[in-house]
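Only one structure is covered here, and it is reproduced in the block below.
What follows draws every value from the coordinates through simple rules; no lab data is involved. Quantities reported herein were computed from a predicted structural model and do not represent experimental measurements. Don't worry about glycine lacking a Cβ; one is built from the backbone with ideal geometry, like all the others, and counts go over all protein chains shown.
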Amino acid sequence: MTKNYRFQNIVRSRIATIDTFDVGLRKHHINAMLGFDVTESRKKLRDLRKKGITVSFNAWLIKIIGSVLQKHPEASAYLYNKKRLIIFDDINVSMIVEKKTGDSKVPIPLVIEKVNEKTALEITREIENAKGQNLSPEDIVLKEESSAYQRLYYYLPGFLRRLFWRLLLHNPRTAYKMMGNVAVTSIGMIGKINGWFIHRSVHPISFGVGSILKKPVVTGDEIHIREILNMTILVDHDVIDGAPMVRFLDDLTSYIETGKEINNTNA
């Protein structure tokens with residue numbers, strides 16, 4: 001009989017992704033599917049590049065998220081118990097950096113700490129430095145060598161790995177230390193997708209950054225072609241209600257569409 005199939009090993013970091021997706025399904029997230037007009041913001045980034053200062057779009061977006069969440073800290077709070085939230089002073093963002101290990105590209109988590117205090121240029125450099133970091137197949141996190149406990153995680157049976165995540169989320173201080181209080185997943189820079197993707201997360205708030213597409217937009221009584229960023233935002237309804245969530249989204253829209261923080265580079 002002719003063999004018409006082959007096996008492919010799952011990279012270790014994908015196992016954690018599967019586990020967090022499973023645990024994330026239990027979170028009471030509200031899904032917001034939004035479109036942001038980033039025409040002016042992208043123009044400002046291009047103008048900055050002409051001056052010799054390169055700020056990546058994703059890094060700038062992370063800076064914007066940190067700035068707006070500092071105004072609305074309850075949106076990134078953890079549920080401490082049934083009566084209290086725990087709100088951290090700083091915004092630590094967890095993101096995925098694709099790294100090559102051996103012959104494969106694998107997604108590796110990176111936590112950018114205190115994005116509320118950093119400029120978009122500093123965040124750009126931190127991401128680029130992480131991408132250039134040497135990585136062995138045994139490492140599962142960036143910026144620090146993986147511990148024996150972290151590597152042991154991948155040898156545990158599935159129910160114990162998922163129990164680990166549930167216990168972690170019941171200890172917000174430890175969860176914040178390990179993975180921050182915000183998650184950003186960006187697939188829009190890989191290809192043009194005319195739509196939104198609904199991701200899953202164990203964070204209090206997370207952002208699924210999609211593609212930037214040219215679309216007709218009505219401005220006044222005229223139609224203009226604008227650059228629109230598709231984004232999905234998951235907000236934990238256990239820590240924030242509808243009205244404050246709308247105020248957060250309103251400020252986020254204003255910051256993104258006017259290009260806030262772009263010229264604050266301290267280069």
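For K131, give me every one of the lysines with a C-alpha distance below 22 angstrom, ignoring sequence neighbours fewer than eight places off in its own chain.
K63, K99, K100, K105, K114, K118, K143, K177
Hey, which aspartates and glutamates would be in cross-link range of K192, C-alpha to C-alpha under 19 Å, not counting anything within fewer than 8 residues on its own chain?
Once the sequence-local aspartates and glutamates are set aside, what remains near K192 is D37, E98, E227.
Excluding the sites themselves, what is the longest stretch of the chain that contains no GluC sites (Glu not before Pro) in a DSSP loop with at most 15 other C-beta atoms within 10 Å?
Answer - 146-267.
Give me, ordered by chain and number, the residues 5 or more places off I187 or on other chains with an amide H under 5 Å from its own placed amide H.
V209
Please report the orientation-averaged projected area of region 1-107, defined via the convex hull of its C-alpha atoms, in nm².
Value for region 1-107: 13.1 nm².
Could you give the C-alpha radius of gyration of region 188-267 expressed as a fraction of 2.2 N^0.38 Å, taking N as the number of residues it contains?
The value comes to 1.31.
Across region 225-230, in residue order, what do the Karplus-derived ³J(HN,Hα) couplings come to in whole Hz, using 6.51 cos²θ - 1.76 cosθ + 1.60 with θ = phi - 60° and x for Gly and Pro?
Couplings: 8, 10, 8, 10, 9, 8 Hz.
Pop out the ³J(HN,Hα) list for region 108-120 in order, Karplus 6.51 cos²θ - 1.76 cosθ + 1.60 with θ = phi - 60°, rounded to Hz; leave Gly and Pro as x.
10, x, 10, 9, 9, 8, 6, 5, 5, 9, 9, 8, 4
Place the peptides 21-28, 64-71 in order of packing, highest mean first, counting for every residue the other Cβ atoms within 10 Å and averaging per peptide.
64-71, 21-28
Convert each backbone phi in region 20-28 into a coupling constant with the Karplus relation 6.51 cos²θ - 1.76 cosθ + 1.60 (shift: θ = phi - 60°), then list the ³J(HN,Hα) values in order as whole Hz, x for Gly and Pro.
Working through the residues one at a time gives 5, 4, 4, 5, x, 5, 8, 6, 8 Hz.
Exactly which trypsin sites (Lys or Arg not before Pro) in region 170-267 are in a DSSP loop and have at most 12 other Cβ atoms within 10 Å?
Qualifying residues, ordered by number: K192.
Could you give the size of the charge dipole of the chain about its Cα centre, using +1 on the Cβ of each K and R and -1 on the Cβ of each D and E, expressed in debye and rounded to the nearest 20?
720
Output the direction-averaged projected area (hull surface divided by four) of the convex hull of the alpha-carbon atoms of region 12-258, in nm².
Spelled out: convex hull of the Cα atoms, projected over all directions, averaged, 14.6 nm².
Once amide H atoms are built 1.01 Å from N in the peptide plane, which residues 5 or more positions from V97, or in another chain, come under 5 Å H to H?
Answer set, sorted by chain and number: I108, L110.
Specify the residue with the greatest mean-square fluctuation among P172, P109, P157, computed from a Gaussian network of the chain linking alpha-carbon atoms under 10 Å apart.
P157
Under a 10 Å cutoff between Cα atoms, tell me which one of S206, S254, S56 has the largest fluctuation in the Gaussian network model of the chain.
Of S206, S254, S56, the most mobile in the Gaussian network model is S254.
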